[in-house]
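A.B. asks: Following this message is one structure expressed as structure tokens.
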Ligand code: ATP
Ligand code: MG
């Protein structure tokens, strides 16, 4: 679990503001849910035999003896909240959320125990058009961040529940006969979660899968048509994708469309955004059957990627425009007043030097603040109703400016 410190927070704020403006442009509304839920919610949605529920949740009993869990992801909470407040009753919803998630995983680059996601969920629409919309929306964000060339869209369909079950049976039959050749995780999953075996990183297991039944041959016609239309819509929108027949996702509730945006620039933790359709989840949690599709992106991984690729605009890290210095106690009030004028009349981000010190050390701090200009008030300036304005980033001349003209003068320089 990490602290976010001032050298990093501007990058997070930049990313968050870009994300927010894209989500708003597509008509998505924010929901904020508690970070703890009843443990049961995650067991019922994510699935009892998934990695998350089996090994990764932070679960505890509260003082009433209720079992609570720090949310490991946002979709279940979002569905719970939407259902509880009647948002899904005979209407469509486009919702988004952001915040910390908790999973007890082995920490490494791009993998933490408290991490942050931004998620979008669209409810009440069963066609491929809304699948295309959420993908186009994520692509728009990559474009705005300059990332579009660095992430690859992988796409698959998991078909209907019936198709998945028929496939699962045949896959298990095939792999059970070759169980001794499987890696340990896959052996375990053979009983609990056989589809996840497709996802195995083990080379032996992967080569064994080459001759295994292929899901492609099991997909029901409706899912196949849905997938074809989705591809047509993505083509028309100019979105490139790669079909990855082994993409399965680690959560049980997905069906039909699944996708991931993957980068090679972050090592093993390459998935920056993942999602898909989950038409069964709302009814599974007690609501009326409601089709749904969504995604979640990993904020830490996106921040890492932006930094790695040098895509954080210089201005993002700059938080101060003007640094104001009053020379000596007699000039503190005038300096304070000048700083207020900068902030509220010139709309410039302004830091007032506090705590005294020699002129040199004050200028040094002004320089370190990143400000473009220093405003200096000395005895002579104050007596003449003026201040001195000194450019800090080039060798421009220091000039005297009348206090009444200061706001206009400074505004013109930004
Ligand atoms: P992975 O395969 O990398 O473990 P996942 O399938 O468990 O990912 P999801 O539950 O789909 O991930 O979460 C969506 C996104 O959230 C991931 O693509 C990733 O960017 C991010 N994410 C998931 N787990 C972590 C973590 N422990 N630390 C940081 N980011 C994470
Ligand atoms: Mg995971």
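A.B. asks: Residues of the stretch 229-268 with amide nitrogen under 13 Å from the 7 Å Cα-to-Cβ point of residue 108?
C.D. replies: Under cut-off, by backbone N: 266-268.
A.B. asks: So, one more: Taking every DSSP beta bridge that has both residues in the chain, what percent is antiparallel when rounded to the nearest 5?
C.D. replies: On the way: 50 of 62 bridges.
Among the beta bridges of the chain, antiparallel pairing accounts for roughly 80 percent.
A.B. asks: If I take R0 = 22 Å and measure r between the Cβ atoms of residue 173 and residue 54 in this structure, what FRET efficiency does the formula 1/(1 + (r/R0)^6) give, to the nearest 0.05?
C.D. replies: That pair, residue 173 with residue 54, gives E of 0.35.
A.B. asks: On to the next question. How far is the Cα center of the stretch 349-414 from the Cα center of the stretch 254-316, in Å?
C.D. replies: The two parts, judged by their Cα centres, are 46 Å apart.
A.B. asks: So what is Rg over Rh here for the chain, counting just Cα atoms and using Kirkwood for Rh? Mind dumping the intermediate values first?
C.D. replies: Numbers: Rg = 27.7 Å, Rh = 24.8 Å.
Ratio value, two decimals: 1.12.
A.B. asks: Something else about it: Would you mind checking the tilt of helix 332-344 against the longest principal axis of the Cα atoms of the chain, expressed as 0 to 90 degrees and rounded to 10?
C.D. replies: 40 degrees
A.B. asks: Also, I was wondering about something else. Report, in cubic angstrom per residue, the convex hull volume of the C-alpha atoms of the stretch 319-411. It would help to have the intermediate numbers written out before the result.
C.D. replies: On the way: hull volume 8.1 nm³, N = 93.
Residue-normalised Cα hull volume stands at 87 Å³.
A.B. asks: Could you work out the relative contact order of the stretch 202-324, using alpha carbon pairs under 8 angstrom and six or more residues apart, expressed as a whole percent? Please report the intermediate quantities before stating the final value.
C.D. replies: Working: 100 pairs, mean separation 18.2, N = 123.
For the stretch 202-324, the relative contact order is 15 percent.
A.B. asks: Arrange 32, 246 by Cβ neighbour counts within 10 Å, fewest through most, would you?
C.D. replies: Details: 32 10, 246 15.
Listing 32, 246 from fewest to most nearby Cβ atoms yields 32, 246.
A.B. asks: Have a look at the DSSP beta bridges in the stretch 319-411 and tell me what percent are antiparallel, nearest 5. Intermediate values should be presented prior to the final figure.
C.D. replies: On the way: 8 of 16 bridges.
Antiparallel: roughly 50 percent of the beta bridges in the stretch 319-411.
Bear in mind these aren't lab numbers, they're just calculated from the coordinates by the rules spelled out. All figures in this text were calculated on a predicted structure; none of them were measured in a lab. Positions of Cβ are generated from backbone atoms using ideal geometry, with glycine treated the same way; all protein chains shown enter the neighbour counts.
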